[in-house]
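First comes the structure, then the notes that go with it.
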Amino acid sequence: MNATLNIYSVTKTFNHHKVIANDNISTQFLPGEVTALTGHNGAGKSTLLNQIMGTVKPNRGSITFSGHSLAQEPAFARNVISMMPQLHAPIAGVTLRQAISAIARIRGAHGRALRTEVDKILDTLHMNEWADMPGEKLSGGLRRLTSFAMTVVRPSPILLFDEPTNDVDPVRRKLLWQCLRKLALQGHIVIVVTHNLLEVEQYADRYLFMHHGRLIKDEQVNILSHDRLSSAVLTINAKHAFKNNELPQADRIVTSDEFQYDLFLKADDMTDAVSWLSAKVATEEIRNYRLSPASLNDVYGGLTDGNKR
Amino acid sequence: MEIKDNYFVDKIPKQQVRQFWGLIRWSLIRHKVLLPAFSMTQVVLALAIVYGLALLMPNMSHTDILYLSSGAITIGIIAVGCVLAAQIVSTAKQDGVVAYQKTLPVARTKIILADVIIWSLASIPGVIMSCIAATSRFHVDLYVSPISITVIVLAQITMVLIGFSLAYWLSANAMALTTQVIMIGGLLFSPITYPADRIPFWLTSVYELLPFVPASNLIRATLFHAAPFSYLNLLVLLMWLTTAFALSLLALSKRS
């Protein structure tokens with residue numbers, strides 16, 4: 001049975017309905033797909049994960065998987081979901097190998113199969129060197145990786161990760177994402193909360209963007225990449241101030257410093273902007289400039305106007 | 001991915017046992033450094049009560065000796081359950097261990113049971129040391145029997161569960177304060193190490209409703225044959241055990 005995880009109209013409030021953590025969220029998570037959940041701090045991403053996990057109960061709405069309500073059957077949710085928490089998993093006093101083995105054992109592995117599974121994940125993440133080191137002596141990144149390994153050893157159908165790559169070095173970040181991809185290919189539902197948009201673009205299939213508890217974007221990452229390439233940012237440092245009507249046509253203009261302008265250009269605006277730039281460079285009105293594709297951070301900021309309400 | 005059948009049905013007994021053993025092992029290895037330290041603490045506490053408190057009472061009657069001997073065992077059990085276990089679980093709560101445990105695919109009762117086993121085992125050295133100290137210092141007779149062992153185990157489980165409830169439900173500061181009050185009350189004021197007729201009747205009535213004095217009475221009755229076995233004391237202890245278990249279970253099952 002290939003089951004999807006369905007979220008329908010989920011609303012969660014805290015502090016006597018004063019704080020709306022999730023506002024009427026509906027979406028679907030498919031097996032075989034790596035979905036990134038992004039958004040500012042406090043956007044409601046972790047709350048959504050915790051509701052899927054069954055440790056937080058929605059005020060309204062349903063979360064179902066394979067005909068079961070995860071919101072109403074927390075015991076079932078625990079059996080079909082593995083979750084990597086935002087904080088480190090508890091590893092003080094135990095070695096990395098012991099921590100991973102303990103969770104594998106709790107998830108039903110035993111004997112030679114258990115050792116094989118633990119060795120496999122240690123190999124995958126290149127962590128053998130630290131396998132027998134006590135948890136409290138590990139660096140932040142290694143603790144995070146241990147927490148990750150504890151989640152993916154003997155993996156459940158649904159895998160939730162809350163900022164798994166924080167503190168992790170670039171080499172192992174890649175290994176970690178490759179591991180997620182492999183799990184997705186095996187048919188797991190993989191949901192990753194992350195602020196790293198470059199990684200989202202590189203490794204995720206789909207991204208959800210949350211803002212103030214609402215789901216404001218839910219689309220394939222290749223669409224996001226297309227959006228990026230069809231827009232650009234022209235940053236200029238001028239010798240004097242320009243009025244807005246002296247600048248070329250742009251979707252948005254941000255004056256970030258004295259005589260510094262960021263012009264967010266659409267594809268149609270680019271030719272005129274380059275001509276304008278050539279003229280101003282020739283008349284030495286511009287000290288320097290940079291023209292680049294819109295970064296994901298620009299797309300992110302454009303969606304939310306920062307984190308202001 | 002094929003969803004395996006065992007995600008939908010209860011796991012088979014063999015898997016359940018393995019899973020439970022996994023929980024106990026995990027708890028054991030996490031506390032492996034602390035347990036010997038706790039054993040030493042209990043040894044010192046047992047010696048302090050049997051030898052130290054005896055110094056305050058130069059002319060001890062046989063009754064005083066029995067109270068001090070049984071009191072040492074009870075206070076050791078209270079110290080492990082209501083103070084040490086409570087503090088460790090409270091720290092675990094702050095470190096996110098409890099929240100993490102909540103996400104594991106195990107029944108909440110198993111999480112509680114695994115920790116109860118660990119902490120009950122942890123209080124055994126104190127019980128043994130108290131018995132050794134009492135027999136060597138006062139030459140009292142011990143009546144080790146299934147009923148006295150059952151009573152001691154019951155007292156251990158009750159105190160550990162009370163400690164868990166305090167840790168799960170109270171903030172770290174409130175928990176620390178409560179455990180200090182329990183320990184000071186248990187060690188200095190409650191009729192655990194001296195006969196109840198030395199304090200006002202109303203205060204005795206209050207102590208009879210709390211779990212500490214009934215536990216002490218039951219240990220004295222069964223292990224020292226120094227008092228009649230009281231079913232009322234047993235009932236009070238069982239009520240506290242049930243309530244503390246329910247509170248612990250509620251805390252682990254609670255969803256925000």
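Criterion applied to A:Leu265, A:Leu291 was being modelled with pLDDT of 70 or more and crowded, with 17+ Cβ neighbours inside 10 Å, and the one residue passing it is A:Leu265.
Could you count how many residues in the range A:105-133 are closer than 23 Å to A:Glu163 by Cβ and facing chain B (nearest Cβ under 9 Å)? Residues flagged as closer than 23 Å to A:Glu163 by Cβ and facing chain B (nearest Cβ under 9 Å) within the range A:105-133 amount to 1. Taking (1) without any contact (Cβ under 8 Å) to a residue 60 or more places away in the chain; (2) out of contact with any Gly (no Cβ under 9 Å at 6 or more places or on another chain); (3) closer than 27 Å to B:Leu177 by Cβ; (4) crowded, with 16+ Cβ neighbours inside 10 Å in turn, B:Arg25 satisfies each apart from (3).
Going by the conditions given, is A:Gln28 part of a loop (DSSP other than H, G, I, E, B) and more than 8 Å from every other protein chain (Cβ to nearest Cβ)?
Numbers: part of a loop (DSSP other than H, G, I, E, B): no; more than 8 Å from every other protein chain (Cβ to nearest Cβ): yes.
The answer is no for A:Gln28.
I need the full set of residues from the range B:21-79 which are within 22 Å of B:Ala134 (Cα to Cα), of a type in the set (Val, Ile, Thr) and under 20 Å from the mean Cα position of the chain (by Cα), in order please. Matches in the range B:21-79: B:Thr41, B:Val43, B:Val44, B:Ile49, B:Val50, B:Ile73, B:Thr74, B:Ile75, B:Ile77, B:Ile78.
For residues that are surrounded by 15 or more Cβ atoms within 10 Å (Cβ to Cβ) and away from chain B (no Cβ under 14 Å), scanning just the range A:134-148, find the one that is nearest to A:Asn79 (Cα to Cα).
From the range A:134-148, those surrounded by 15 or more Cβ atoms within 10 Å (Cβ to Cβ) are A:134-135, A:138, A:141-148; that's our starting set.
Next, only the ones that are away from chain B (no Cβ under 14 Å) stay: A:138, A:141-142, A:145.
Working: A:Leu138: 29, A:Gly141: 28, A:Leu142: 26, A:Leu145: 22 Å.
Across the range A:134-148, the extreme among qualifying residues is A:Leu145.
Residues of the range B:128-156 being buried (at least 22 other Cβ atoms within 10 Å of the Cβ) and within 17 Å of the chain's Cα centre (by Cα), which ones? The answer is B:Met129, B:Ser130, B:Val151, B:Ile152, B:Ala155, B:Gln156. Filtered by the rule that a residue be buried (at least 23 other Cβ atoms within 10 Å of the Cβ), more than 12 Å from A:Thr146 (Cα to Cα) and more than 7 Å from chain B (Cβ to nearest Cβ), the range A:64-103 gives A:Phe65, A:Leu70, A:Ala77, A:Ile81, A:Ser82. Restricting attention to the range B:117-130, does a residue exist that is within 25 Å of A:Pro155 (Cα to Cα) and either out of contact with any Leu (no Cβ under 8 Å at 6 or more places or on another chain) or not aromatic (Phe, Trp, Tyr) (or both)? Within the range B:117-130, not a single residue is within 25 Å of A:Pro155 (Cα to Cα) and either out of contact with any Leu (no Cβ under 8 Å at 6 or more places or on another chain) or not aromatic (Phe, Trp, Tyr) (or both).
Sort through B:Met159, B:Met183 and tell me the only one that's part of a helix (DSSP H, G or I), within 20 Å of B:Ile128 (Cβ to Cβ) and of a type outside the set (Val, Ile, Thr).
That would be B:Met159, the only listed residue that is part of a helix (DSSP H, G or I), within 20 Å of B:Ile128 (Cβ to Cβ) and of a type outside the set (Val, Ile, Thr).
A quick yes/no check of all residues on (1) at pLDDT below 90; (2) under 30 Å from A:Thr146 (Cβ atoms); (3) not basic (Lys, Arg):
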{"position": "A:Arg173", "(1), (2), (3)": "no, yes, no"}
{"position": "A:Tyr207", "(1), (2), (3)": "no, yes, yes"}
{"position": "A:Leu215", "(1), (2), (3)": "no, no, yes"}
{"position": "A:Glu219", "(1), (2), (3)": "yes, no, yes"}
{"position": "A:Ser231", "(1), (2), (3)": "yes, no, yes"}
{"position": "A:Asp257", "(1), (2), (3)": "yes, no, yes"}
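Of B:Ala244, B:Ala226, B:Ala196, which residue is in contact (Cβ under 8 Å) with a residue 12 or more places away in the chain and either among the charged types (D, E, K, R) or closer than 14 Å to B:Ala155 by Cα (or both)? Explain how you work it out, then say what you get.
Numbers: B:Ala226 fails: either among the charged types (D, E, K, R) or closer than 14 Å to B:Ala155 by Cα (or both); B:Ala196 fails: either among the charged types (D, E, K, R) or closer than 14 Å to B:Ala155 by Cα (or both).
Result: B:Ala244 is the single residue among B:Ala244, B:Ala226, B:Ala196 that is in contact (Cβ under 8 Å) with a residue 12 or more places away in the chain and either among the charged types (D, E, K, R) or closer than 14 Å to B:Ala155 by Cα (or both).
Selection of the range B:88-125 for residues being without any contact (Cβ under 8 Å) to a residue 12 or more places away in the chain and of a type in the set (Asp, Glu) yields only B:Asp95.
Restricting attention to the range A:36-58, does a residue exist that is at negative phi, among the charged types (D, E, K, R), more than 9 Å from every other protein chain (Cβ to nearest Cβ) and out of contact with any helix residue (DSSP H, G or I) (no Cβ under 8 Å at 6 or more places or on another chain)? Yes.
Please verify whether A:Phe76 is free of Cβ contacts under 8 Å to residues at least 24 places away in the same chain, in contact with a Phe, Trp or Tyr (Cβ under 8 Å, 6 or more places away or on another chain) and of a type outside the set (A, V, I, L, M), treating the condition exactly as stated. Taking the combined requirement at face value, the residue satisfies it. Scanning the range B:186-224 for residues that are buried (at least 20 other Cβ atoms within 10 Å of the Cβ) and over 18 Å from B:Cys82 (Cβ atoms) yields B:Arg220, B:Ala221, B:Thr222, B:Leu223, B:Phe224.
Filtered by the rule that a residue be closer than 26 Å to A:Asn166 by Cβ and of a type in the set (Gly, Ala, Ser), the range A:48-84 gives A:Gly54, A:Ala77, A:Ser82. Of the helices (runs of 4 or more DSSP H) contained entirely in the range B:36-118, not one carries at least 3 residues that are at pLDDT 90 or above and touching an Asp or Glu at 6+ places or on another chain (Cβ under 9 Å).
The values are calculated or read from the model by the stated rules, or taken from the named source; none is laboratory data. All values derive from a computational prediction rather than experimental measurement. Here the Cβ is made from the backbone with ideal geometry for all residues, glycine too, and neighbour counts use every protein chain on show.
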